Amino acid sequence: MKFSTFFIFSFLFLNFKLVLAQEENLKKRISLPKNTYFDPILLDPIECQPYIGFFGYSQIDNNTKKGYVPFSMATQKVLTRWQKDSLNGYEIGFDAAAFTQFEWLIVKDKWQRNILNSDFKGSFFFNARKDRWALRTRLYHISSHLGDDYIIRNQIRSYTPNPVNYEQLDFTLSHVTTKLRLYAAAGLVVRPETIRKRFSTQFGFIFNQYISSDKFYEFILGSDVKILAQDNYQPKVKIATGIRIAKVFNNPVSFLLEFYQGNLPFSVYEIKKVKWAGISFYFNPL
């Protein structure tokens, strides 16, 4: 209890001190800016960003195969920014998302559609930007809930231990150039009483290259890797490539081909080892 409380209050205190220490050196304070110093990590399955995917899915240990449709409804809002210029400053804000997964499969020669699970996530963040470097400090809560279809059709009538119900403090460092973004993160579960193993790390890259003279279309290639103590340090890997349309209602939309392998990134049953491949669509949460 004392350990977790210390981390939470240190997170809040250090961010507050950083803002106070730097505010005099920054030129202006902006409320509700329309962009952010730290863009969402595109290929993170539980990043707070709207998306939908249509995948062929298989469970590695029992050869289950089905159609799989995860989607997210999400928002992100920067509340206040202390800005020196467009590449230097600090900001605080919040984001939230609901991640839901459907399955399509054949049962007794009939197609069946089930709602599998919904995860809910909310966080407060502090972003700092210095030229091409950005640091996100974030405290978030996430909880996972089995879908009614899944509970009824699998006749679940007792409590299921749920390791996906926790709070985490994490730090993500990102370096961005014209064509390449690199990032790495480390996190620690801070809930005092939890059945979840506490440590996690993440790293990845996104390469982007404009393929039209008006900078309307952009080629994307990237990978995201997560390594969690909860998964016994077995990596979760997502690889994707596709096209981003840069100016659709002033927000980019990404159309990707993606492949994922590792422990299920959602659900009470994240112990399942799965892989999927298919198409996905990602939208800007701002």
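The values are calculated or read from the model by the stated rules, or taken from the named source; none is laboratory data. Bear in mind the structure is a predicted one, so any value in this text is a computation, not a measurement. Neighbour counts run over all protein chains shown; Cβ positions are idealised from the backbone, glycine included.
In region 187-233, of all residues being closer than 24 Å to LEU173 by Cβ and hydroxyl-bearing (Ser, Thr, Tyr), the one that is surrounded by the most Cβ atoms within 10 Å (Cβ to Cβ) corresponds to SER200. If the condition is being assigned to a loop (DSSP other than H, G, I, E, B), over 17 Å from ASP44 (Cβ atoms) and in contact with an Asp or Glu (Cβ under 9 Å, 6 or more places away or on another chain), then region 252-286 contributes ILE271, LYS272. A count restricted to region 129-150 and to residues that are assigned to a strand (DSSP E or B) and either within 30 Å of TYR210 (Cα to Cα) or of a type outside the set (A, V, I, L, M, F, W, C) (or both) stands at 13.
Any residue at all in region 237-251 that's surrounded by 14 or more Cβ atoms within 10 Å (Cβ to Cβ), under 20 Å from ASP61 (Cα atoms) and free of Cβ contacts under 8 Å to residues at least 60 places away in the same chain? Yes - at least one qualifying residue is present in region 237-251. Within region 168-184, the set of residues being farther than 15 Å from THR201 by Cα and out of contact with any Leu (no Cβ under 6 Å at 6 or more places or on another chain) comprises VAL176, THR177, THR178, LYS179, LEU180, ARG181.
Checked against (1) under 29 Å from ALA128 (Cβ atoms); (2) of a type in the set (Lys, Arg); (3) more than 16 Å from the chain's Cα centre (by Cα); (4) in a strand (DSSP E or B), ARG191 passes all but condition (4).
Inside region 217-238, residues that are in a helix (DSSP H, G or I) and in contact with a Phe, Trp or Tyr (Cβ under 7 Å, 6 or more places away or on another chain) make up a count of 1.
Looking across region 68-88, the residues that are of a type in the set (Gly, Ala, Ser) and modelled with pLDDT of 95 or more come down to SER72, ALA74. Of the residues in region 151-170, none is surrounded by 15 or more Cβ atoms within 10 Å (Cβ to Cβ), basic (Lys, Arg) and either within 14 Å of the chain's Cα centre (by Cα) or part of a helix (DSSP H, G or I) (or both). On the stretch given as region 196-237, residues that are under 22 Å from SER267 (Cα atoms) and in contact with a Ser or Thr (Cβ under 8 Å, 6 or more places away or on another chain) total 7. A count restricted to region 48-61 and to residues that are within 11 Å of ALA97 (Cα to Cα) and surrounded by fewer than 21 Cβ atoms within 10 Å (Cβ to Cβ) stands at 1. Annotation note: Cβ proximity below 6 Å between a residue of region 214-226 that is closer than 13 Å to LEU182 by Cα and at pLDDT 95 or above and a residue that is of a type outside the set (Gly, Ala, Ser) and assigned to a strand (DSSP E or B) (sequence gap 6+ or interchain) occurs for LEU221/PHE207; LEU221/THR241; GLY222/PHE205; GLY222/ILE206; SER223/ILE239; ASP224/LYS238; VAL225/PHE203; VAL225/VAL237. If you check LYS130, LYS179 for being surrounded by fewer than 20 Cβ atoms within 10 Å (Cβ to Cβ) and either within 20 Å of the chain's Cα centre (by Cα) or over 17 Å from THR36 (Cα atoms) (or both), only one passes: LYS179.
Residues of region 218-255 that are out of contact with any Lys or Arg (no Cβ under 9 Å at 6 or more places or on another chain) and of a type in the set (A, V, I, L, M): LEU221, ILE239, ALA240, ILE243, ILE245, VAL248. Residue-level analysis places SER72 among those that are under 21 Å from ILE206 (Cβ atoms), of a type in the set (S, T, N, Q) and part of a strand (DSSP E or B).
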